[in-house]
1. Scanning segment 225-261 for residues that are assigned to a helix (DSSP H, G or I) and acidic (Asp, Glu), which turns out farthest from residue 176 (Cα to Cα)?
2. State yes or no: is residue 260 among the basic types (Lys, Arg), surrounded by 12 or more Cβ atoms within 10 Å (Cβ to Cβ) and either farther than 30 Å from residue 75 by Cα or in contact (Cβ under 8 Å) with a residue 24 or more places away in the chain (or both)?
3. Those residues that are among the aliphatic types (A, V, I, L, M) and in a loop (DSSP other than H, G, I, E, B), I need them from segment 197-217; list them, please.
4. Specify which of the listed residues (295, 290) is closer than 20 Å to residue 172 by Cβ, assigned to a helix (DSSP H, G or I), acidic (Asp, Glu) and at pLDDT 95 or above.
5. Within segment 160-195, which residues are surrounded by 21 or more Cβ atoms within 10 Å (Cβ to Cβ) and either more than 30 Å from residue 125 (Cα to Cα) or among the hydroxyl-bearing types (Ser, Thr, Tyr) (or both)?
6. Restrict the check to segment 195-202 and report whether at least one residue is within 20 Å of residue 240 (Cα to Cα), touching a Pro at 6+ places or on another chain (Cβ under 7 Å) and not polar (S, T, N, Q).
7. Please go through segment 205-220 and give me each residue that is touching a strand residue (DSSP E or B) at 6+ places or on another chain (Cβ under 8 Å) and buried (at least 22 other Cβ atoms within 10 Å of the Cβ), ordered by number.
8. Scan segment 262-281 for residues that are outside any loop (DSSP other than H, G, I, E, B) and at pLDDT below 95 and jot them down.
Amino acid sequence: MAKLKDLVEKKPRLAPGHRLCPGCGASIIANQVLGAIDYPVVVTCATGCLEVSTTPFPFTSWEIPFIHSAFENSAATISGVEAAYNSLKRQGKVSKDIKFVAFGGDGGTYDIGFQALSGAVERGHDFLYICYDNGAYMNTGIQRSSATPIGAATTTAPPGKKSYGKIQRRKDLTAIMAAHQIPYAAQASPSHWKDLVRKVEKAVEIEGPTFINVLSVCPRGWRSIDGEGISLSKEAVMSCYWPLYEVENGDEWKVNMKPKGERKTPVADWLKKQGRFKHLFKSGNEGVLEEIQAEIDDQWQRLLAREEATKQAEAKAESETEGTKA
């Protein structure tokens, strides 16, 4: 496990001086992820905030090989690079171990890029995919995506007399990726950097496709205060809006953080700090807040049940093994 001092002293692979907004979570996530990898790395990145703000021609903030992919094909691009690397290795032209990482926002992962991602993991390419999930198409005007939470105001799902913002539930992409039966899928937050770093270290040592979904604050789209990004990320975890967990081989579920008692905060406390939800606190929307809390509570219980099922299966397998030995 990397120590904070070690991460801080490493030369950042995403250099300062980029054009990302103050308080943006994407650069924090990129540096935490890449700082956790002690190998040479090749990165692909879908069109989005992270790409356009770090590579304005003729400049780049990337200190490692970086490939800009189209909005929809970061996973396809990295799988092609990984396949070429394996070919060169078989020919004896490359000998060192290189890791491959793809970045994409929620628009380029949950929606536009999902087909390429699903295909790449089904083929079994050896790479780590990082989704920095800020809950909308922030780069193109704050349009709703399938990652946008219920009740959030976006330019394509605005609140008004006929609507309270986005009315659909957000897609559970981490569980969808786990359902691909890939070796490793996880959910993380930059507020819990040790957890994120550990998950990245684990993912890059696993052979085959791995996926980590990371909550990424967007002050512009969330209408939040620039300096509150990490505290908002932590509160998302503590309210169970964004639980920290990991799944191995599609069916071994483990919850990494379990807020209990007063530590588990009402989701309304988190929503109040974001202007995209301010309309929900007007008279008449009490039912929407109750619906949001009920959905989060339901999803949390489902997650705990999956973990419990894993424990029971492991106990049964251990018991059968002991019985065979006897």
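The values are calculated or read from the model by the stated rules, or taken from the named source; none is laboratory data. Here the structure is a predicted model, which is why all the values come from computation and not from measurement. Don't worry about glycine lacking a Cβ; one is built from the backbone with ideal geometry, like all the others, and counts go over all protein chains shown.
1. Let us first name the residues in segment 225-261 that are assigned to a helix (DSSP H, G or I), namely 226-238, 261.
So of that shortlist, the ones also acidic (Asp, Glu) come out as 226, 228, 235.
Details: 226: 31, 228: 30, 235: 24 Å.
Filtering segment 225-261 for residues that are assigned to a helix (DSSP H, G or I) and acidic (Asp, Glu), the one farthest from residue 176 (Cα to Cα) comes out as 226.
2. On the way: among the basic types (Lys, Arg): yes; surrounded by 12 or more Cβ atoms within 10 Å (Cβ to Cβ): no; either farther than 30 Å from residue 75 by Cα or in contact (Cβ under 8 Å) with a residue 24 or more places away in the chain (or both): yes.
No; evaluated as a whole, the condition is false for this residue.
3. As a first pass, look at segment 197-217 and keep what is among the aliphatic types (A, V, I, L, M): 197, 200, 203-204, 206, 212, 214-215, 217.
Once the filter is applied, which keeps residues that are among the aliphatic types (A, V, I, L, M) and in a loop (DSSP other than H, G, I, E, B), segment 197-217 yields 206, 217.
4. Numbers: 290 fails: closer than 20 Å to residue 172 by Cβ.
Every option except 295 fails the conditions.
5. 164, 165, 166, 174, 184, 189, 191
6. yes
7. Residues satisfying the conditions are 209, 210, 211, 212, 213, 214, 215, 216.
8. Listed by number, the residues that qualify are 262, 263.
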